[in-house]
Each structure stands twice: as structure tokens, then as C-alpha cells.
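Have a look at the structure below, then the notes.
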Amino acid sequence: MWVKPHPDFSPEKPLFLCILANTETAKIPNISAAGKSPKLTDYTPAADAELVETGNAISINEPAMTPSGAPSPAVITRASMLLTEIPCLFINAGLRIRPKIPTIDINAQPGGDIRTGKAVADAIDIYNKSKALGKKLSKFSDFVIIGESVPGGTTTAMAVMKALGYDGKVSSSFPENPLDIKNMVVSEGMRNSGISFGSLRNQPLRAVGCIGDPMMAAAAGLVDGLETKTVLAGGTQMVSVLSIIKHLGLKKDVSIATTCYVADDPSANFREMTEILGYKAYAADPGFDNSKFPGLRMYEAGDVKEGVGAGGAMFAAAMMGVSQKEFREKTEEVCGSIFGI
């Protein structure tokens, strides 16, 4: 089993959603590796969506990769979409750079810098519009997987979990998790918005508004509106969404799927948090240690780890009967076409 536990679902009409958003938090130096530089993080969600949809990151002039040269996790998600033929829809939940592919636009603003204590001005509006969208999408699907591409999102995740009263340790797209920087940023944001540990446990959307990001409001709203089984595709960013869902009192059939790189990350506490929150968690191992492509082997050393719904995309492939070897070879094929190998 390369996804544990094995996904024993057999949906008739699965659907993959990916929420895209930008924040000013991502531009804080050394906080995110989701882009070659802090300034380029504005382009990352657009490039990720384009890569999944077309095989090419149209909005940037070079292949989508981290500063260290590891390919974007969008290559994993594209491999899954090619293998499973599950339809994939992208939701613009607050972008500075719009992707050059069709998206569902919920007319939201990009997130601010959480250090100001004013991160998401329209959190409740995003939630309500996403809930309405979820209700509509339920008519087309019986099983929905929700991923995200939001640079800097592990920092906002840590902040919101603290506001709700959880010591959520988050992972990082860097091999060395810059926890000192994240903690400093989160503390400043909490101080400037008058939040203390656990003080917003009964106001999760206010926590998002002060020190979260637009994706969180959109994902929670979608879950509220969907009348289907739902899997949150992502690591510690999606754990923060689970905490929001729990504190909103939503009784939904939700689980979470991530990569083994997040689930086994000693600097994070993914497994502990999902147990505390009471949701089932899945972890996928693509076997990149056996890859012929050096960039994919970098994942084994701690680069990237997760993003663009990669864990949920692998969950979907395993659910549809794809083997680890088939999946790894398709991901290598995707990388080959992008990087010319």
C-alpha cells in the first residue's frame, strides 16, 4: 500500500478542486520556498494551476520550481489528473496574478500580511460565496477532493490554530523549517490583533480575518456547502482548515490526505493534530527515492513536501487502482516534458 490507510471509496463522479490565493505574508523573506523568490510567490498559484491543466507554467518564463531546484508539487497533481481523468476545477479565492486557464472566480481580494492583524478583509463573504458554490458542485459530484496553492500558507495555518487554542506545528517547503521566523511573524500578528492563545476558539472566521488567509475561508465554506464525502488535500495548511470546520460546529463527512513527507515531518505534528481534531488522515508515499529524476529525489530530502493538493491527488490515484510504480513513472513523464529530460 502506497497510500495508508488504503482509500476504500468507489465514487461515481469524483471531482478535484484547487483553491488559489496570494498573501502579503508570503513575501516575508525566507518564509516560503513556494517560488524562486519572495516576489515571485505572486506567480506561484497561477503557474501551478497552468501546469496541472496544460503541462506548462504559462505565467512564468521558467519551469515551476523551488529555489533549490525541486519541481513544483503541481507535477504530482498533473500526473494524477492524467492517470485518473478526474475533472479538476480551479477556484480564484484572491489572486494577484490570474492563471491563463479557466477558473471559478469568487471575487475575493488577496490576503494581507498577518503581522498587521488584518489578513483577510472579506473572510465571511468568501465563506458564504464558497458555501453557495459547494451546494452547486454537489449536483455534479458525489466525492470532492479539495487542494490549495497558497504560498506562505503554513505560517497563516500556525497562526489560526494558535488563535483556536492548538499548538499546531506546521511543516515547510524548505528542507530546514524556518520556525523561528514563523513564530515571530505569528506572535506579531496575534499581538497587533489583540489575540491570545485560544481566545478565538468560538470565532474561527474572525481568526481567519485577523491572521489567516483567503483559502481557509474558501475551503471551510466549500465543506459547509458540499453534500458529499470530502477529502482535504494537503498537509498542515489543511489541518488548520479542519480546526476551523470543527470550531464552526460543522458535522460533515470530511477526512484529510497528505504526503508521507508532511505526515512524517518531525518539525510538524500532522498526525497528532488530526487525532486531536478527530478526523481520519491518509498519507501517500510516491516512492521518489527510486526516481531517476534528481528533482523528485529532493522530496525525500525534505524539499517541497506538499502543495497543489499533491497528497490528495495521490490518494485519488490509489483510490482508482493506480500502483505506486505507475504513479512514479507518470510523474517522471510529466517532469520530462516540462524540464526536457
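The values are calculated or read from the model by the stated rules, or taken from the named source; none is laboratory data. Owing to the predicted nature of the structure, the values given are computational and were not obtained by experimental measurement. Reconstructed Cβ throughout: ideal geometry from the backbone, glycine too, with neighbour counts over all protein chains shown.
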Problem - Leading residue by the ranking (surrounded by the most Cβ atoms within 10 Å (Cβ to Cβ)) among those in region 155-180 that are at pLDDT below 95 and outside any loop (DSSP other than H, G, I, E, B) - result: Leu179
Handout entry: region 120-144, subset part of a loop (DSSP other than H, G, I, E, B) and among the acidic types (Asp, Glu), residue farthest from Ile245 (Cα to Cα)
Key = Asp142
Practice task
Take the residues in region 252-272 that are aliphatic (A, V, I, L, M) and over 19 Å from Arg297 (Cα atoms), then tell me which one is surrounded by the fewest Cβ atoms within 10 Å (Cβ to Cβ).
Solution key: Val254
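In this structure, does Lys325 turn out to be surrounded by fewer than 16 Cβ atoms within 10 Å (Cβ to Cβ), at pLDDT 95 or above, on the phi < 0 side of the Ramachandran plot and not aliphatic (A, V, I, L, M)?
On the way: surrounded by fewer than 16 Cβ atoms within 10 Å (Cβ to Cβ): yes; at pLDDT 95 or above: yes; on the phi < 0 side of the Ramachandran plot: yes; not aliphatic (A, V, I, L, M): yes.
Judged against the criteria, Lys325 is a match.
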Practice task
From the list Ser187, Ser196, pick out the single residue that is over 15 Å from the mean Cα position of the chain (by Cα), part of a helix (DSSP H, G or I), of a type in the set (Gly, Ala, Ser) and surrounded by fewer than 24 Cβ atoms within 10 Å (Cβ to Cβ).
Solution key: Ser187
Practice task
Any chance you could count how many residues in region 304-322 are assigned to a loop (DSSP other than H, G, I, E, B) and buried (at least 23 other Cβ atoms within 10 Å of the Cβ)?
Solution key: 6
Handout entry: Residue match in region 25-33 (condition: surrounded by fewer than 20 Cβ atoms within 10 Å (Cβ to Cβ), in a loop (DSSP other than H, G, I, E, B) and touching a Pro at 6+ places or on another chain (Cβ under 6 Å))
Key = yes
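When you go through Pro7, Pro11, Pro67 one by one, which is the residue that is of a type outside the set (D, E, K, R), free of Cβ contacts under 8 Å to residues at least 60 places away in the same chain and outside any helix (DSSP H, G or I)?
The unique qualifying residue is Pro67.
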Exercise for the section: Identify the single condition in (1) closer than 29 Å to Met319 by Cβ; (2) surrounded by fewer than 22 Cβ atoms within 10 Å (Cβ to Cβ); (3) among the hydroxyl-bearing types (Ser, Thr, Tyr) that Ser59 does not satisfy, given that it satisfies every other one. Expected result: (1)
Handout entry: Number of the exception - Lys280 against (1) crowded, with 19+ Cβ neighbours inside 10 Å; (2) touching a strand residue (DSSP E or B) at 6+ places or on another chain (Cβ under 6 Å)
Key = (1)
Practice task
Please specify each residue of region 225-246 satisfying the condition of being touching a Leu at 6+ places or on another chain (Cβ under 9 Å), of a type outside the set (A, V, I, L, M) and either part of a strand (DSSP E or B) or under 22 Å from Thr77 (Cα atoms) (or both).
Solution key: Thr228, Thr230, Ser240
Completion exercise
Looking across region 70-119 at residues that are more than 15 Å from Arg328 (Cα to Cα) and assigned to a helix (DSSP H, G or I), the single one that is nearest to the chain's Cα centre (by Cα) is Ile114
